[in-house]
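Visitor: This is the structure I want to talk about, given as structure tokens.
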Amino acid sequence: MLKGLARGLGTTLKMMTEKPVTIQYPEEKRPVRPRFRGRHVLKRYENGLEKCIGCALCAAACPADAIFVEASENTDEERYSPGERYASTYEINMLRCIYCGFCEDACPTEAIVLGDNYELSFTDRREAIYTREVLLEPAAEGAQPTPHKTPPGAFPRSVPEMKDPQD
Ligand code: SF4
Ligand code: SF4
């Protein structure tokens, strides 16, 4: 019995000297893995224009039918993206999403990205529909949020020129 007690106390003393593994969430957050897939973000270019061109390829690729996109025409007076169109409505039903990343893979402009945000609690089913306003990242410091007023003929392509994906 004394042997067992000594072993138990020994384990306690050993653990007292080790670094605690408990994370004080939400004050302290553990970094996620590089390939972690969290909440989606709609990305912008450095100048503030939106990368999404409203093509709905992400919605077509989604196996859970979680994405709804409605596109509208850009004008030189009110330009949201460098393409012919932009997503005037963009919604993801997070109750359906299975975080497969197919939307990210299908996007020709790398506009929709699964980020590292995993804080996705909601108390109402309607809050589970993440809208364009929720998903769109803020414009970078010094960049102008959309819409932009642009010179006529500055954006003649329906899909902006893209480099090959790096990842
Ligand atoms: S991660 Fe998968 S399930 Fe979720 S919205 Fe994208 S394609 Fe659909
Ligand atoms: S996120 Fe990408 S695939 Fe989806 S509508 Fe926008 S540009 Fe098209």
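Visitor: For Leu5, which of the numbered conditions (1) within 14 Å of ligand 1 (Cβ to nearest atom); (2) open to solvent by 90 Å² or more (accessible area, probe 1.4 Å); (3) aliphatic (A, V, I, L, M) fails to hold?
Guide: (1)
Visitor: I'd like to know if the stretch 120-141 contains one or more residues that are open to solvent by less than 90 Å² (accessible area, probe 1.4 Å), within 14 Å of the chain's Cα centre (by Cα) and free of Cβ contacts under 8 Å to residues at least 24 places away in the same chain.
Guide: Within the stretch 120-141, one or more residues are open to solvent by less than 90 Å² (accessible area, probe 1.4 Å), within 14 Å of the chain's Cα centre (by Cα) and free of Cβ contacts under 8 Å to residues at least 24 places away in the same chain.
Visitor: Report, by residue number, each residue of the stretch 50-61 that is buried (at least 21 other Cβ atoms within 10 Å of the Cβ) and within 12 Å of ligand 1 (Cβ to nearest atom).
Guide: Matches in the stretch 50-61: Cys58 only.
Visitor: Go through the stretch 7-43 residue by residue and tally those that are charged (D, E, K, R) and touching a residue at least 60 places away in the same chain (Cβ under 8 Å).
Guide: 3
Visitor: From Thr22, Thr11, grab the single residue that is of a type in the set (Val, Ile, Thr), outside any helix (DSSP H, G or I) and over 13 Å from Ala111 (Cα atoms). Outline the logic, then answer.
Guide: Values: Thr11 fails: outside any helix (DSSP H, G or I).
Result: Thr22 is the single residue among Thr22, Thr11 that is of a type in the set (Val, Ile, Thr), outside any helix (DSSP H, G or I) and over 13 Å from Ala111 (Cα atoms).
Visitor: Of everything in the stretch 98-131, what is among the hydrophobic types (A, V, I, L, M, F, W, C), closer than 20 Å to Val32 by Cα and more than 14 Å from ligand 2 (Cβ to nearest atom)? Give them in sequence order.
Guide: Correct list: Ile98, Cys100, Leu120.
The values are calculated or read from the model by the stated rules, or taken from the named source; none is laboratory data. Here the structure is a predicted model, which is why all the values come from computation and not from measurement. A quick note on method: Cβ atoms are made from the backbone with ideal geometry, for glycine too, and the neighbour counts reach across all protein chains shown. In case anyone asks, the SASA skips ligands and DNA or RNA and just uses the protein heavy atoms, side chains included. Shrake-Rupley method; radii C 1.70, N 1.55, O 1.52, S 1.80 Å.
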